[in-house]
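The values are calculated or read from the model by the stated rules, or taken from the named source; none is laboratory data. Values in this document were obtained by computation on a predicted structure and should not be read as measured data. Please note: Cβ atoms are built from the backbone with ideal geometry, for glycine as well, and neighbour counts cover all protein chains shown. Just so you know, the surface numbers come from the protein's heavy atoms only, side chains and all, with ligands and any DNA or RNA stripped out. Shrake-Rupley method; radii C 1.70, N 1.55, O 1.52, S 1.80 Å.
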Amino acid sequence: KNTAYSQWDILQKFRFIITGQSYLTLNIQSSKSSDISRYDKLNEIRNGELRYAEWYYGPQERFMISPKLEFFNGYKWLRKGTITFAIQKIGESRVDRRFNSFTRRYQNEKVEVLSLNGDFTARPTNITSASYGFEFVKNKVESNAFTRRLVVNNNKIIDLISQMDIPARYPSKGSHYNTAAAYFNFIWTLNSSTTLNAGSRLTYTDLGGSWKEKALINTLLSKVSINNWALTSTLALTHKVLKNSQINVVLSSGFRNPNIDDIGKIRESGGYLIVPNPFLKPEYAYNLDSGFSYSSSNNLNNLSLRGFISVISRHIVRSDYEIFADTSTESLSTILYDGEELPTLANKNLGNRYIYGGSFQGRFSINENVFTQYSITYTKGNKNSKYGPMPSIPPLFGQFSAHFKNSRLQSRLIWSFSRSKNP
């Protein structure tokens, strides 16, 4: 309420039957918003004074058109499949003006996305099944930033005068982030008690960006290019110990390549300036997850116990970053940006870290109408003596609920709890 926010959306789907077992769907979406004010920025105070007179997002625009082909062949190695193609165009902007200043800053971003996905299922034998597919995604990002000076007469803005280029949010000469991947997953029912699941995904990533000579944060930084291959896999075993209980163990690996946001963004946040780091490398995760579950024959009572540990290699964390080419301030750890001296931060690879934890949950029933449900989760991230604690690790939390119901009444009492998190 009272924000003057508005948005329109156009959504349309067409679905055609090509043959008895093949379908073509055409999905079209378009949306556009009004300006979106950042009231938290307008409340920001530094040195006892308000920082901003204006801070808002310009209209957010998005258009997508996506045809999808679905077919059902029934062959052993191609029972059914889906191929999806999509074109998307996205636009957004940020506008701000300092308090008591006549200069507005504009940052504009446009993103074009092309994607092609294929997903297929197979049933080679009665005891095996498989899924496989591919994905290609191409992202093109255009980013520019400039200032305009307000011309004011009788307390009214009568004109805007273009002034100069300033550092763009993302590489100012343009950037791209492209991926290609293929995967295969195989499920084998060894017997009535044991199932084996194995899968792998091969991913190639290509990131590149370049900056104009004007309005550079780092004069030594003109372009960045990162290309990586990654093979990630999963091996899972499920075994029924008794009729109503089972154990399962999962070994898996994960991969995250730095994206344009991680490696090329320039942004002021919380009194710090986030700057690009062209030397950022991918991070990998290696995981072990195991669990035990039990369910009574009438399904009124159940419980499950799970534990996990993950090792993260070359963990990406935002940390202090020095720009050796900068001479705008005497200190290497600060830079002059938009008239302010700000400490500089960047995403960096800060060694190996690990996370471990577990959860316990279940249900206890007196009868079908009276029962309780409970859960508790514990997660711990190692605290590195050099780099400090890991971010985004939740404290111990859980929930307990009591339920009662009959033909006329349903009631429940819920108690949710959480330990505090050390700042």
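Taken over the range 56-96, residues that are open to solvent by 60 Å² or more (accessible area, probe 1.4 Å), assigned to a loop (DSSP other than H, G, I, E, B), at pLDDT 95 or above and not polar (S, T, N, Q) amount to 0. Scanning the range 274-297 for residues that are of a type in the set (A, V, I, L, M) and open to solvent by 20 Å² or more (accessible area, probe 1.4 Å), we see that the one that is modelled with the lowest pLDDT is A285. From N367, N347, grab the single residue that is assigned to a strand (DSSP E or B) and among the polar types (S, T, N, Q). Testing whether each residue is assigned to a strand (DSSP E or B) and among the polar types (S, T, N, Q) leaves just N347. Could you run through the range 315-327 and say how many residues are assigned to a strand (DSSP E or B) and either surrounded by fewer than 11 Cβ atoms within 10 Å (Cβ to Cβ) or of a type in the set (D, E) (or both)? Qualifying residue count for the region: 1.
Do we have Y356 as in contact with a Lys or Arg (Cβ under 8 Å, 6 or more places away or on another chain) and open to solvent by 70 Å² or more (accessible area, probe 1.4 Å) here? Taking the combined requirement at face value, the residue satisfies it. Within the range 213-256, the set of residues being farther than 17 Å from S200 by Cβ, at pLDDT 90 or above and not basic (K, R) comprises N227, T238, H239, S245, Q246, I247, N248, V249. Only residues that are open to solvent by 60 Å² or more (accessible area, probe 1.4 Å) and either among the charged types (D, E, K, R) or within 30 Å of H315 (Cα to Cα) (or both): list them for the range 369-393, please. Scanning the range 369-393 gives I376, Y378, K380, K383, S385, K386, Y387, P389, P391, S392.
Of all residues in the range 194-217, those satisfying the criterion of being within 17 Å of A346 (Cβ to Cβ) and touching a strand residue (DSSP E or B) at 6+ places or on another chain (Cβ under 9 Å) are L207, G209, W211, I217. For E330, indicate whether it is open to solvent by 40 Å² or more (accessible area, probe 1.4 Å), touching a strand residue (DSSP E or B) at 6+ places or on another chain (Cβ under 7 Å) and within 30 Å of T103 (Cα to Cα). No; evaluated as a whole, the condition is false for this residue. Annotation: of all residues in the range 249-273 being polar (S, T, N, Q), over 19 Å from N108 (Cα atoms) and open to solvent by 20 Å² or more (accessible area, probe 1.4 Å), the one that is farthest from the chain's Cα centre (by Cα) is S252. Those strands (runs of 3 or more DSSP E) of the range 131-216 in which at least 2 residues are acidic (D, E), open to solvent by 50 Å² or more (accessible area, probe 1.4 Å) and farther than 22 Å from A230 by Cβ, considering only elements entirely within it, cover 156-165. Of all residues in the range 1-17, those being assigned to a strand (DSSP E or B) and in contact (Cβ under 8 Å) with a residue 24 or more places away in the chain number 2. When the range 79-108 is filtered for residues that are over 24 Å from F136 (Cα atoms) and of a type in the set (S, T, N, Q), the ones remaining, listed by number, are S93, N100, S101, T103, Q107, N108.
One residue stands out in the range 27-55 among those that are farther than 18 Å from E109 by Cβ and part of a loop (DSSP other than H, G, I, E, B): the one that is most open to solvent (accessible area, probe 1.4 Å), namely N47.
From L396, L350, grab the single residue that is of a type outside the set (D, E), open to solvent by less than 40 Å² (accessible area, probe 1.4 Å) and within 29 Å of I316 (Cα to Cα).
So the residue among L396, L350 that is of a type outside the set (D, E), open to solvent by less than 40 Å² (accessible area, probe 1.4 Å) and within 29 Å of I316 (Cα to Cα) is L350.
Close Cβ contacts (under 8 Å, 6 or more residues apart or on different chains) running from residues in the range 380-406 that are under 15 Å from Y356 (Cα atoms) and at pLDDT 95 or above to residues that are open to solvent by 90 Å² or more (accessible area, probe 1.4 Å) and not in a loop (DSSP other than H, G, I, E, B) comprise L396/Y378. Determine, yes or no, whether L114 is open to solvent by less than 30 Å² (accessible area, probe 1.4 Å), part of a strand (DSSP E or B) and in contact with a strand residue (DSSP E or B) (Cβ under 7 Å, 6 or more places away or on another chain). Here the answer is no, as L114 does not meet what is asked.
Within the range 223-243, the residues that satisfy the criterion of being open to solvent by 70 Å² or more (accessible area, probe 1.4 Å) and either within 30 Å of F136 (Cα to Cα) or within 28 Å of the chain's Cα centre (by Cα) (or both) are K223, S225, N227, W229, L231, L235.
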